[in-house]
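Below is one structure, written out as structure tokens; the observations come after it.
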Amino acid sequence: MGSSPHQLSRAEEDYLSDLYRLAADGPVRTGEIAQRLGVTPASASGMLKHLSREGLVEHRGYGATSLTPDGERAALQVVRRHRVIERFLTDTLQFGWEQVDVLAHQMEHALPDVVVDAIECLLGDPATCPHGHPIPDRDGHVAAEPALTVAGLLPGERARVREVDEFDPSLLAYLRSRGLVPGALLLVTQVNPIDATVVVEVPNVGPTALAPATARAVRVARDIPQGGKT
């Protein structure tokens, strides 16, 4: 999968991997990465400046931060370990999907890549983590993630859940209770024009009202029946 310019510390790996994951929703600002990692904006800014000097990120003060090609390669190594471990925790050890992000974060720095590769082989080379995000392969290639979210659907449209944001355990527990898991088919029955709340129906679950932030946390692909009509 390529190599980073030097042996990364745990803190550097955390920043790079979370920058990669947060970037799925657009440019990442210092406050966002600070909140995600539970540090002060000043501490985050200092680390981002350090990573910029190492050629791993492009950072402009409190503006948007993005990964360089070297930074992305290093981030994908960590993301790969994280997502394989998550799949092992859910599929083999039967942990709930709302638990595994934190557990994988604790384990990802300790397991060498050869162990992660063996776990992946044992699991049958899964394509995604439990939350639907693609697992990078050993060479650092990763499938594209869907840009469309439930918030972008119109009343009457059907879609298939592809992936969900994994950062909030309470959100994950709620989505699972409403059947909004990768692979689930949903129908949008209503979009409130005032507050943008989206009402969806999942088979055998019934209607669920999703606030805008929750609707944006569920990424989907439109389901097009034969004949091309939604």
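Since every read-out is calculated from the coordinates, none of them should be taken as a lab result. Since we're looking at a predicted model, the values are computed, not measured. No Cβ is skipped: glycine too gets one built from the backbone with ideal geometry, and neighbour counts run over all protein chains shown.
Among GLY156, GLY124, GLY71, the largest mean-square fluctuation in a Gaussian network model of the chain, built with springs joining Cα atoms closer than 10 Å, belongs to GLY124. Remark: the Cα gyration tensor places the range 164-217 in the oblate category, a/c being 1.5 or greater and a/b not exceeding b/c. Only alpha carbons enter this Debye calculation for the chain, each as an equal point scatterer, and the log10 of I(q)/I(0) it gives at q = 0.12, 0.18 Å⁻¹ is -0.71, -1.33.
Near ASP101, once Lys and Arg are set to +1 and Asp and Glu to -1 for all other residues with Cβ below 14 Å from its Cβ, the sum equals -3. GNM remark for the chain: springs join alpha carbons under 10 Å apart, and the peak mean-square fluctuation among SER177, SER45, SER17 falls on SER177.
What's the longest bit of the chain with no exposed trypsin sites (Lys or Arg not before Pro), using DSSP loop states and at most 15 other Cβ atoms within 10 Å as the test? That gives 139-228 as the longest site-free run. Relative contact order for the chain: 16 percent, from Cα pairs under 8 Å spaced at least 6 residues apart, divided by residue count.
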